[in-house]
2 protein chains.
Amino acid sequence: MCKLNDNYLKLQGRYLFASIAKKVANFKKSNPHKKIISLGIGDVTQPLAPVIIEALHSSVDEMGHKDTFKGYAPEFGYEFLKNAIIKGDYNSRGVDISIDEVFINDGINADAGNIQELFSVDNKIAVCDPVYPVYVDSNVMAGRTGTYDKDAQRWSEVIYMSCTPDNNFVPDIPEENPDIIYLCFPNNPTGTTVTKDQLQLLVDYANKVEAVIVYDGAYEAYISEDNVCHTIYECDGAKNCAVELKSFSKKAGFTGLRLGYTIVPKELKCSGVSLNRLWARRYGTKYNGTPYIVQRAGEAVYSETGKEQIKKQIDYYKNNAKIILEGLKSAGYSVYGGVNAPYVWLKTPNNMTSWDFFYYLLEKANIVGTPGSGFGPMGEGYFRLTAFGTYENTVEAVERIKKL
Amino acid sequence: MCKLNDNYLKLQGRYLFASIAKKVANFKKSNPHKKIISLGIGDVTQPLAPVIIEALHSSVDEMGHKDTFKGYAPEFGYEFLKNAIIKGDYNSRGVDISIDEVFINDGINADAGNIQELFSVDNKIAVCDPVYPVYVDSNVMAGRTGTYDKDAQRWSEVIYMSCTPDNNFVPDIPEENPDIIYLCFPNNPTGTTVTKDQLQLLVDYANKVEAVIVYDGAYEAYISEDNVCHTIYECDGAKNCAVELKSFSKKAGFTGLRLGYTIVPKELKCSGVSLNRLWARRYGTKYNGTPYIVQRAGEAVYSETGKEQIKKQIDYYKNNAKIILEGLKSAGYSVYGGVNAPYVWLKTPNNMTSWDFFYYLLEKANIVGTPGSGFGPMGEGYFRLTAFGTYENTVEAVERIKKL
């Protein structure tokens with residue numbers, strides 16, 4: 001008789017964004033004539049850059065002719081893309097990465113959820129609070145998080161590193177040593193980040209306690225300030241402790257095209273075994289490669305024209321972030337982030353709960369945002385707005401909020 | 001201190017196809033002037049059909065304009081594709097499937113590896129022997145297979161159902177009851193299949209012992225005979241026990257484009273819990289959707305023109321299978337499969353081992369095939385050839401083998 005993985009039953013509620021989508025759909029059904037502006041889920045709105053469209057068309061043509069047709073991709077990705085990534089994202093920052101340390105995937109989400117498979121169920125994870133839900137949920141499914149305390153909204157076997165205005169959103173070194181540390185900088189959901197010196201302290205700590213850092217760098221392209229790392233490997237010793245996840249979703253508008261990559265350095269060992277080799281084995285067994293045409297689209301991002309066009313797109317969203325940040329400030333809100341990331345994190349007015357503010361904003365201003373409490377208890381009383389709307393909608397949304 | 005998932009260390013050798021690719025690369029290096037014909041890995045060689053290329057171009061154009069750009073796809077797939085699948089692959093066979101039972105993915109491989117996550121580590125799996133390696137390897141990684149006996153080439157906690165000429169490649173009901181049963185019909189690697197009546201017996205058995213069947217129907221499009229199910233749901237009661245995995249890879253040449261789907265019926269329960277709901281939760285957490293342009297390409301497969309063009313392509317490969325089957329027969333080989341599947345399974349001559357025959361064929365005829373023993377001990381002494389080469393190469397390969 002087949003028995004269930006009971007850990008799945010421990011999962012709390014629906015996945016945050018699915019849950020919001022459902023609530024918004026219900027609101028739309030009851031209010032069909034209201035123009036809703038979504039600054040909720042971090043989905044881009046600008047079309048793919050022309051250079052990417054060209055790369056897609058030309059690679060689609062290749063797929064239609066027998067001499068240029070491509071079947072299964074090389075299991076860890078095409079060399080043309082891996083080389084472009086190494087040159088564009090690492091060598092340009094003074095970091096050496098070898099080609100077999102790069103694993104091309106279909107976006108960060110799957111690898112962020114799957115990387116924990118390499119580790120024993122006995123390991124204890126540490127996450128920032130608030131935090132992107134996938135890190136914890138994938139560990140709940142694996143049975144690594146203990147029991148859930150509904151009042152505290154915390155798992156018994158998870159170490160939480162609070163990130164609030166009190167510590168300037170820089171996680172403190174935890175009192176209990178974790179085995180796996182999830183970090184995301186620039187941060188989702190708070191839109192804040194850490195300096196290179198602050199990240200170096202976390203890397204040093206991980207090496208000291210022999211923890212593995214899972215470093216989510218999805219928002220790297222939005223970094224504006226100089227003293228912020230574009231890759232964790234800018235820190236000394238990071239190759240001995242960190243896996244890095246990167247994505248084309250927010251960098252080049254690939255949310256609907258799906259492309260990302262994971263770096264697993266060969267120096268990185270766990271129980272004396274190279275994680276690179278194990279991760280390669282997982283890929284070879286459970287993943288069948290990213291579409292050729294999407295990998296060609298990714299390559300185009302690193303061309304000279306690509307870089308120019310992508311920069312324009314990122315500047316467009318950065319300008320939106322500035323509009324939100326300044327607009328809310330002038331309306332009297334306490335706001336954070338938005339400088340090195342496409343997210344603005346705001347304190348809800350009058351001590352409203354995050355969900356109360358969600359409904360308030362949806363009903364009074366027809367704006368969809370994301371309740372901070374959905375990212376963890378320290379997010380309670382906060383709210384996330386994204387800069388990924390159109391310029392026009394962003395301006396209108398800020399005007400609506402100001403009028404409340 | 002981070003500790004490893006030790007189950008990964010139990011994995012035997014390299015993943016089969018990666019291992020073959022390496023051996024072939026070495027042979028090529030030492031023999032740069034020899035023309036190697038690969039009838040090894042099941043990768044297609046014909047370009048995508050014109051109707052698919054058109055669908056890709058037009059959806060790529062949509063991605064380049066702000067009014068038609070698509071970001072994140074709906075989490076379980078676009079309705080246009082799910083509806084096309086339901087109509088084309090199920091309603092046409094008299095089977096009702098509802099839209100929230102269909103999960104669009106990027107090919108069977110990932111879901112075939114990941115579906116076991118829903119089940120307790122205590123479950124015992126049954127697989128055919130020989131068998132596609134992913135089913136067992138993903139369960140090894142999860143710690144469900146016990147210890148490996150190198151002499152017997154079998155895992156202590158896996159139930160093996162032999163498929164040989166003796167039982168006409170129809171797995172017998174196992175003596176010990178399994179909790180999860182992996183089936184693949186038409187079969188990879190043997191190219192054989194079961195009749196509807198034979199499949200019904202397996203479904204009845206699964207329902208009796210409350211086992212879940214993971215049914216891999218990747219080669220459904222190659223079915224030629226009338227008394228063979230195109231979906232397991234043609235069997236009575238299958239919705240109470242079976243998950244079905246389907247792919248566009250072999251149906252429409254999508255090995256490099258990546259598209260497939262998984263059906264998890266709402267009736268299907270495990271420990272009293274609906275697996276559909278749990279699988280939805282896994283998707284929502286660990287998968288971020290299949291590219292829009294690839295889903296549009298999939299939709300085109302079901303158009304009238306698409307069906308015609310796809311049929312031509314499948315007939316082309318079926319003709320290759322016939323050439324291999326008849327050529328080898330006339331050369332005195334014992335051959336199986338090749339009628340309802342793109343694979344021909346042959347008995348090696350003179351009791352050679354599968355790997356001896358692999359090297360013999362590579363060195364003497366410069367043909368790459370797949371050693372049967374790579375699929376399990378009952379595959380020892382057998383060898384797999386695929387019909388996915390070009391017509392010209394297939395004819396030449398058969399001539400070369402005849403001359404040996």
Q. Which of the following residues is within 23 Å of B:A110 (Cβ to Cβ) and either part of a helix (DSSP H, G or I) or at pLDDT 95 or above (or both): A:D89, A:D100, A:D43, A:D67?
A. A:D100
Q. Which of the residues spanning segment B:180-219 are among the charged types (D, E, K, R) and surrounded by 24 or more Cβ atoms within 10 Å (Cβ to Cβ)?
A. B:D216
Q) Taking into account only those residues within segment A:76-97 that are in contact with a strand residue (DSSP E or B) (Cβ under 9 Å, 6 or more places away or on another chain) and within 29 Å of B:F388 (Cα to Cα), which is farthest from the other protein chains (Cβ to nearest Cβ)? A) A:K82
(Q) Tally up the residues in segment B:251-271 that are within 11 Å of chain A (Cβ to nearest Cβ) and either farther than 19 Å from B:Y316 by Cα or not hydroxyl-bearing (S, T, Y) (or both), please. (A) 11
Q) Among B:I314, B:I323, B:I293, which is the only one that is touching a Phe, Trp or Tyr at 6+ places or on another chain (Cβ under 9 Å) and either more than 22 Å from B:K35 (Cβ to Cβ) or at pLDDT below 95 (or both)? A) B:I314
(Q) Being in the same structural domain as A:P186 (by TED's automatic domain parsing), in contact (Cβ under 8 Å) with a residue 12 or more places away in the chain and part of a helix (DSSP H, G or I) is the requirement here; does A:A321 meet it? (A) no
Q: Could you please tell me which pairs satisfy a Cβ distance under 6 Å, a separation of 6+ or placement on different chains, a first residue in segment A:139-168 that is in contact (Cβ under 8 Å) with a residue 12 or more places away in the chain, and a second residue that is of a type in the set (D, E) and assigned to a strand (DSSP E or B)?
A: A:Y160/A:D129; A:S162/A:D129
Q.
Name the residue that is nearest to the other protein chains (Cβ to nearest Cβ), counting only residues in segment A:6-22 that are on the phi < 0 side of the Ramachandran plot and part of a loop (DSSP other than H, G, I, E, B).
A. A:Y15
Q. Can you spot a residue in segment A:229-252 that is farther than 23 Å from A:F103 by Cα and not aromatic (F, W, Y)?
A. no
Q) Can you pull out the residues in segment A:376-404 that are surrounded by fewer than 23 Cβ atoms within 10 Å (Cβ to Cβ), touching a Ser or Thr at 6+ places or on another chain (Cβ under 9 Å) and of a type in the set (S, T, Y)? A) A:T390
Q) What strands (runs of 3 or more DSSP E), lying completely within segment A:177-257, carry at least 3 residues that are over 30 Å from A:G381 (Cα atoms)? A) A:242-247
Q: Go through segment B:106-158 and give me each residue that's within 8 Å of another protein chain (Cβ to nearest Cβ), in a loop (DSSP other than H, G, I, E, B) and at negative phi.
A: B:D106, B:S120, B:V121, B:D122, B:N123
**Q.** In segment A:23-40, the residues that are in a helix (DSSP H, G or I) and surrounded by fewer than 11 Cβ atoms within 10 Å (Cβ to Cβ)
**A.** A:A25, A:N26, A:K29, A:S30
Q: Tell me which residues, restricted to segment A:272-292, are without any contact (Cβ under 8 Å) to a residue 24 or more places away in the chain, more than 8 Å from every other protein chain (Cβ to nearest Cβ) and part of a helix (DSSP H, G or I).
A: A:R277
Q | Of all residues in segment A:70-81 being part of a helix (DSSP H, G or I) and touching a residue at least 40 places away in the same chain (Cβ under 8 Å), the one that is nearest to A:T290 (Cα to Cα) | A | A:L81
Q) Which of the following residues is assigned by TED's automatic domain parsing to the domain that holds A:D137 and either surrounded by 15 or more Cβ atoms within 10 Å (Cβ to Cβ) or more than 25 Å from A:K364 (Cβ to Cβ) (or both): A:K3, A:K87? A) A:K87
Q: Select from segment B:293-309 the residues that are part of a helix (DSSP H, G or I) and surrounded by fewer than 24 Cβ atoms within 10 Å (Cβ to Cβ) and list them in ascending order.
A: B:R296, B:E299, B:E304, B:T305, B:G306, B:K307, B:E308, B:Q309
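The values are calculated or read from the model by the stated rules, or taken from the named source; none is laboratory data. This structure is a prediction, so every number in the text was calculated from the model and none was measured. Don't worry about glycine lacking a Cβ; one is built from the backbone with ideal geometry, like all the others, and counts go over all protein chains shown.
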